Structures are given as structure tokens and as C-alpha cells.
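A.B. asks: Mind looking over this structure? Questions follow.
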Amino acid sequence: DLDSWINERRRLMNAQLSLGNINDSDNSSSIPLYQIEKKLNKHEATEKELISNKTRLENLIQDAQELIQTQLEYKNSDSKISNNRKSLNPDEIHFLFSNVQNNWLSLEQEAKLYGRKLLQYKHKANLN
């Protein structure tokens, strides 16, 4: 489930932010360079993972759009829904995949911000 994967990555990134006072700009100069580099390496791996999983999101969006279209066509046809087939509401489908897409965009933004912070801290640690 892509949404679960996204939420797990966001949770891990937030946990990384809190470790070693990465979230606290006043204490960033006290973080050892090796710790910043270790976090930066982990973050680079996370960014690569985001890139490789973006196709999952794109496929999900395409599938959802096709499903919405199919449901709209089915609703507009004269066919009756059989008793064992449940009709999916196109608005519900749109809502669900929009949530996943918004979570993905938030994850990408958080990853960029975190990466910038780490680079700033590394630069500051190199100056000290």
C-alpha cells in the first residue's frame, strides 16, 4: 500500500529530525560532522527511494483515473449492477487517490527541506 509506505517514510524522516537536535538550529553547531554525514547518507538513500517509487504513484493515479472513467461510463450506460458487484463512487475514488498524492507531495517537500538542513549543518560544521 503506497499510502502506508509514504506515511512510514514521513515518520522515519520526522524521527531523524528529532535525533541529535537536527530540528534545533541553535544546537546545530554542536552536532559532530560524522553524525551529520551519516544522516546525509541516509537521506540520500531515502531520496533515491523516493525517485524509484514515484512510478508507483504515477501508476496509481493513472489506474484511479481509468477506474473513475470506467465507473462514470458504467453509470451512464443502461446496464444494471449485478447483486455481487459493488459500484464504486467516482468521488470516493478521486478523494482516496488525491489523499495519496497530497501525502506524496508533502513527503517530497519534507525530504527537500530536511536535505537542505543537513547540507547547511554540514557546511556549518566544516567551518568550525
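A.B. asks: Could you please find all residues in the stretch 94-128 being without any contact (Cβ under 8 Å) to a residue 40 or more places away in the chain and surrounded by 17 or more Cβ atoms within 10 Å (Cβ to Cβ)?
C.D. replies: Result: PHE97, single match.
A.B. asks: Ok, one more. Can you find a residue that is open to solvent by 40 Å² or more (accessible area, probe 1.4 Å), among the hydrophobic types (A, V, I, L, M, F, W, C), modelled with pLDDT of 85 or more and out of contact with any His (no Cβ under 9 Å at 6 or more places or on another chain) anywhere in the stretch 13-25?
C.D. replies: no
The values are calculated or read from the model by the stated rules, or taken from the named source; none is laboratory data. Everything numeric in this text was worked out from a predicted model, so none of it was measured. Note: ideal-geometry Cβ built from the backbone for every residue, glycine included; neighbour counts use all protein chains shown. Surface areas here come from the heavy atoms of the whole protein model, side chains and all, with no ligands, DNA or RNA. Shrake-Rupley method; radii C 1.70, N 1.55, O 1.52, S 1.80 Å.
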